[in-house]
1. Taking region A:275-316, which residues are more than 14 Å from every other protein chain (Cβ to nearest Cβ), surrounded by fewer than 19 Cβ atoms within 10 Å (Cβ to Cβ) and among the aliphatic types (A, V, I, L, M)?
2. At least 1 residues that are hydroxyl-bearing (Ser, Thr, Tyr) and over 16 Å from the mean Cα position of the chain (by Cα) in each: list the strands (runs of 3 or more DSSP E) lying fully within region B:1-97 that qualify.
3. Take the conditions within 9 Å of chain A (Cβ to nearest Cβ), crowded, with 17+ Cβ neighbours inside 10 Å and modelled with pLDDT of 95 or more and apply them to B:LEU50. Does it pass?
4. Can you find, within region B:123-180, the residue that is farthest from ligand 2 (Cβ to nearest atom) among those that are within 17 Å of B:PRO99 (Cβ to Cβ), assigned to a loop (DSSP other than H, G, I, E, B) and polar (S, T, N, Q)?
5. Considering region B:79-129 alone, what residues qualify as being surrounded by fewer than 24 Cβ atoms within 10 Å (Cβ to Cβ), among the charged types (D, E, K, R) and at the interface with chain A (Cβ under 10 Å from one of its Cβ atoms)?
6. What residue, among those in region B:2-33 that are closer than 17 Å to B:ASP169 by Cβ and out of contact with any Gly (no Cβ under 9 Å at 6 or more places or on another chain), is farthest from ligand 1 (Cβ to nearest atom)?
7. Any idea which of B:ASN174, B:ASN204 is in contact with a helix residue (DSSP H, G or I) (Cβ under 6 Å, 6 or more places away or on another chain), surrounded by fewer than 22 Cβ atoms within 10 Å (Cβ to Cβ) and under 17 Å from B:PHE92 (Cα atoms)?
8. Can you tell me which condition B:THR143 does not meet? The list is (1) over 16 Å from the mean Cα position of the chain (by Cα); (2) within 12 Å of chain A (Cβ to nearest Cβ); (3) of a type in the set (Val, Ile, Thr), and all the others hold.
Amino acid sequence: MRISDYLLYAFRGLSERKGRSAGAAVGVAIAVTALILALGLGESFQRAFSETLGRTLAANSIIVTNTAPGLTDADLLLLGSLPRVENVFGVATVQALVTTASGYRSITILAVDPAHLPDLLGLGNVGEFVEEGTSEPKGLGVVIGANIWMDQSTGSRLHDVGEALTARVGGKDVKLVISGLAKPYGFRTWISIDDSVFMDPEAFFTYVSGRRVYQAVILTLDDPSMVQTVVDEVRALAPPRSNVFSPVAMVAQLGMFVNSLGAFLAFISVLSVGITALWIFDSTAISVVQRVKEIGILKAVGFSSTDVLLIFLSEAALVSLIGGTAGLLLSVTASRFITIPLFVIRLTPSLSPQILTVAIAAPLVANLAAAAVPARAAARLDPVKALRYE
Amino acid sequence: MSIVEVRDLWREYTIGREKVYALRGVTVEIEKGEFLAVVGPSGSGKSTLLHLIGGLDRPTQGVIKVGNVEVNSLKSDRELSKFRNEYVGFVFQMFHLVPRLTAVENVELPLIARGVEAGERRRAALEALKLVGLQHRASHKPTEMSGGEQQRVAIARAIVTQPKLLLADEPTGNLDSANSKLVMELFKKLIDDMGVTIVMATHNLELLEYCDRAVRLVDGRVAGVYQKGEYGKLFSK
Ligand SMILES: Nc1ncnc2c1ncn2[C@@H]1O[C@H](COP(=O)(O)OP(=O)(O)OP(=O)(O)O)[C@@H](O)[C@H]1O
Ligand SMILES: [Mg+2]
């Protein structure tokens, strides 16, 4: 028998029982989709971590935030005196509105000593920070984030170095000058870098905020492995209503979230692979019983037992391939629209050829195994008895 | 020259502790181009003999030769199915067409098993349907055809591979006398045109006029062999 004829014959068999075949194909489609998304999310998290997170968020830093009443220079000194702390600096922030061509836009003014910018951003040096202009805010000269100077949808430039920028903070206007344009940063940490205006702290405390308090303090340690110990000590020392976290712990939490999401999807997938396999088993068994006479006829005209086995297996394979293709299309479409914003990154399932292969193969193998039991029974039927069967 | 040689053929069934003998030492030779009738009471072993000659069943003991193939030595399912496909065409009382396939698709089945390419097997199947006078019914399903037409489709399927041997088990059992006559004339034509050999099991002694010879089985044994002209003796049994 030719391979194309197995498939052709299988197709005739399937179209005989459209309802059951379609049901099984839907099961396969669900299994394939869930499996692709589960594996794809895991992989894209791995990639996000190795390409972005792991590189950008310094593994040896601890972040303390306190929006009200804020952290003082005294707090800074206290936290800086902890053992293992190599470096400490404050970051003052305030929400502001800037006027743009299309009206007001909400931004964050962020005051940090330019010397500490690399630590804050997790960059090797400040040179990597700006696209154009200076990387050091000074006086009323500020560096503005990519979302402010660049149109997010078209990428066209909205502001230039040297232009004035008026920020409205708590009822009064502060006239700033753009002295640098930051490169796109890509994702949110505890603040959105791309939506921030970077300002010289001295000017900030003079013109924007009267009180010398910081909304965040960043500690860097000499030993990344001590992060958790120091986090505990910082929690004990920090003023009430402070939030203490480390990028390392954040990534670990994220990893846990992504893993449990993946596990959930994998569970759905395993469940639907299992249910579909049972369904295929049942549907093949019914089909074999209904077609005993036909099997007898096939054997009488010269089909071998192997041919009969392969005819029934082809039906299961065909259902799997039809459902698998549907699942593939479904997940390719779905992955375009699925973005899971996890407060620092946005995950989109990645569809690598390996993942697609595994996702198609797993239900296929399960269905073949399920169909194999009744298919073998069909193959072993005694032709004389099969022909007499009523 | 004999095309079929059966020597001391036994087929026993074991049911629980009981042994049932379907055939107890049958010996018969069949000439090429012969139209042989196998007659005898119900349960005498006619169907069993046909199944064994056609490689659809395996003997307990004995020798079956078809052409130069020793059928009783074919052990594997592969060998047996290949033998059935190449040497034999079966025609049954119940027609045994696959209901969801059209007439021409039913006729194509043995060629699919053989791996013949689609265009060629369609051509051969239509040719076989033409031979039985049903080319105009090619795309009809069995349920859309009369019993006589269905049996002619089954005959087309049996001969589409140009087999040496046509084994017909009560081929007219479900047909009226007009259709029975049609089938018998078709068999004669196949012998004349294709040189096929036909072994037919039947209860209907009126069909003997078409046959060259009759073997009578009783209780799994050959109880008599009757040449043309000796059939009268059978009617008195
Ligand atoms: N699978 C089986 N198990 C047990 N006994 C069987 C089996 N098949 C056939 N037999 C027995 O073998 C004997 C011969 O059966 P067979 O079908 O060859 O008879 P037959 O001459 O074709 O009868 P009929 O004219 O009714 O078709 C019968 O006694 C039958 O009961
Ligand atoms: Mg019989």
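The values are calculated or read from the model by the stated rules, or taken from the named source; none is laboratory data. Worth saying up front: this structure is predicted, and the values here are computed from it rather than measured. Positions of Cβ are generated from backbone atoms using ideal geometry, with glycine treated the same way; all protein chains shown enter the neighbour counts.
1. Those that are more than 14 Å from every other protein chain (Cβ to nearest Cβ), surrounded by fewer than 19 Cβ atoms within 10 Å (Cβ to Cβ) and among the aliphatic types (A, V, I, L, M): A:ILE275, A:LEU278, A:ALA285, A:ILE286, A:VAL289.
2. B:2-15, B:18-31
3. Against the criterion (within 9 Å of chain A (Cβ to nearest Cβ), crowded, with 17+ Cβ neighbours inside 10 Å and modelled with pLDDT of 95 or more), B:LEU50 does not qualify.
4. For region B:123-180, the residue satisfying everything is B:SER139.
5. B:GLU79, B:LYS82, B:GLU86, B:ARG100, B:GLU105, B:ARG114, B:GLU117, B:ARG121
6. B:ILE30
7. B:ASN174
8. Every condition holds for B:THR143 apart from (2).
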